[in-house]
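Asks: Handing you this structure, nothing more for now.
The values are calculated or read from the model by the stated rules, or taken from the named source; none is laboratory data. Because the structure is a prediction, the values reported are computed rather than measured. Here the Cβ positions follow ideal geometry from the backbone for every residue, glycine too, while neighbour counts run over all protein chains shown.
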Amino acid sequence: MKIENCKLPACRRVRKIANKAFTPAPKHQARRELSDRRIFLVRGFTLIEIMVAIGIVGILAAVVLTTMSSYGKRARASRALAQASSVIPSLVSCAGNGGTPNLNGTGDLCSLSSSYGSWPTFPSGYGVATAEPTPNWTSSSNWVFKVSSSGDSQSICCNSKMNSCGQPATCDASATW
C-alpha cells in the first residue's frame with residue numbers, strides 16, 4: 001500500500017512532511033531566535049510589580065511599628081507600676097519604726113538606715129513626681145505619691161487607702177482602682 005492511498009491520520013502526517021522541501025534557515029534568523037529565547041529566560045519583574053511589592057511592605061511595616069510602640073508603652077508602665085508597688089512595704093515599715101520615708105525617688109527609702117532598701121531605677125522617662133500632701137507617716141493620715149512619665153503620658157498613683165499602686169483617673173489619697 002502506498003502512502004498516497006492511505007487514509008489513516010498517521011499517513012496524512014507523513015504525507016505533509018514528505019511534500020515539504022527541506023530549506024535550511026538563514027544563520028541570522030537562527031541567532032535571532034536564540035536571542036529571543038535568552039531574553040525570555042532572563043526576563044525579571046516589571047517596575048510596577050516591584051513598586052506594588054514595596055508599597056505592601058511599607059503598609060505592613062507601618063502597622064507593625066505602631067502596634068509595637070503601644071506594646072512598649074504598656075510594658076514600661078507595667079514595669080514602673082511593679083517597681084513603685086515594691087517600695088510601699090518598706091516605706092510603711094520605715095514610718096512604723098519611727099523613721100521618715102524618703103519620697104524624692106532617689107537614694108535610700110528610709111532615714112533610719114539603708115536596710116529598708118533604696119528606690120528602684122524606673123524605666124526611662126519615669127520618676128517620682130509628687131508626694132501631695134506631704135505625708136505624715138507617724139499618724140493615721142492618708143499618704144499618696146505619684147510616679148509619672150513625661151514621654152508616655154502615663155501616671156501611677158500609690159496611696160494609703162489601697163496600700164498599693166494603680167493607674168486611676170485621678171491621683172489622690174482617696175483614689176481607688
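Asks: Taking A82, is it hydrophobic (A, V, I, L, M, F, W, C), surrounded by fewer than 18 Cβ atoms within 10 Å (Cβ to Cβ) and at pLDDT 90 or above? So that I can check it myself, show each step before the final result.
Replies: On the way: hydrophobic (A, V, I, L, M, F, W, C): yes; surrounded by fewer than 18 Cβ atoms within 10 Å (Cβ to Cβ): yes; at pLDDT 90 or above: yes.
Yes; evaluated as a whole, the condition is true for this residue.
Asks: Next question, about the same structure. Tell me which residues, restricted to the stretch 153-165, are surrounded by 15 or more Cβ atoms within 10 Å (Cβ to Cβ) and either outside any strand (DSSP E or B) or more than 33 Å from the chain's Cα centre (by Cα) (or both).
Replies: Q154, S160, M162
Asks: Follow-up question, since we're still on this one. State which residue pairs qualify: first residue of a type in the set (A, V, I, L, M) and inside the stretch 104-120, second residue assigned to a loop (DSSP other than H, G, I, E, B) in any location, beta carbons under 7 Å apart, and separation of 6 or more residues or different chains.
Replies: Once the first residue is of a type in the set (A, V, I, L, M) and sits in the stretch 104-120, its partners that are assigned to a loop (DSSP other than H, G, I, E, B) give L109/N102; L109/G117; L109/W119; L112/N97; L112/G99.
Asks: Got a sec? Which of V14, V42, V52 is farther than 30 Å from P123 by Cα and either under 32 Å from the mean Cα position of the chain (by Cα) or modelled with pLDDT of 85 or more (or both)? Spell out how you get there, then give the answer.
Replies: Details: V14 fails: either under 32 Å from the mean Cα position of the chain (by Cα) or modelled with pLDDT of 85 or more (or both); V42 fails: either under 32 Å from the mean Cα position of the chain (by Cα) or modelled with pLDDT of 85 or more (or both).
Step by step, each of V14, V42, V52 is checked, and only V52 is farther than 30 Å from P123 by Cα and either under 32 Å from the mean Cα position of the chain (by Cα) or modelled with pLDDT of 85 or more (or both).
Asks: If only one of G98, G125 is at pLDDT 85 or above and either among the basic types (K, R) or surrounded by fewer than 16 Cβ atoms within 10 Å (Cβ to Cβ) (or both), which one is it?
Replies: On the way: G98 fails: at pLDDT 85 or above.
Residue meeting the stated conditions: G125.
Asks: Could you tell me whether the stretch 81-91 includes any residue that is touching a residue at least 24 places away in the same chain (Cβ under 8 Å) and β-branched (V, I, T)?
Replies: Initial filter on the stretch 81-91 (touching a residue at least 24 places away in the same chain (Cβ under 8 Å)): 81, 83-88, 90-91.
Add one more test, that the residue is β-branched (V, I, T), and what stays is 87-88.
Among the residues of the stretch 81-91, at least one is touching a residue at least 24 places away in the same chain (Cβ under 8 Å) and β-branched (V, I, T), which makes the answer yes.
Asks: Test S93 against the stated conditions and say whether it is under 30 Å from the mean Cα position of the chain (by Cα), surrounded by fewer than 19 Cβ atoms within 10 Å (Cβ to Cβ) and either in a helix (DSSP H, G or I) or not charged (D, E, K, R) (or both). Can you show your working first?
Replies: Details: under 30 Å from the mean Cα position of the chain (by Cα): no; surrounded by fewer than 19 Cβ atoms within 10 Å (Cβ to Cβ): yes; either in a helix (DSSP H, G or I) or not charged (D, E, K, R) (or both): yes.
Answer is no for this residue.
Asks: Another question, if that's okay. When you scan the stretch 142-152, do you find a residue that is among the aliphatic types (A, V, I, L, M), modelled with pLDDT under 85 and part of a loop (DSSP other than H, G, I, E, B), even just one? Steps first, answer last, please.
Replies: From the stretch 142-152, those among the aliphatic types (A, V, I, L, M) are 144, 147; that's our starting set.
Applying the additional criterion that residues be modelled with pLDDT under 85 yields 144.
Then drop every residue that is not part of a loop (DSSP other than H, G, I, E, B), which leaves none.
Taking every residue of the stretch 142-152 in turn, none turns out to be among the aliphatic types (A, V, I, L, M), modelled with pLDDT under 85 and part of a loop (DSSP other than H, G, I, E, B).
Asks: For the list (1) modelled with pLDDT of 80 or more; (2) among the small types (G, A, S); (3) loosely packed, with under 14 Cβ neighbours inside 10 Å, I need the number of the one condition that S139 fails.
Replies: (1)
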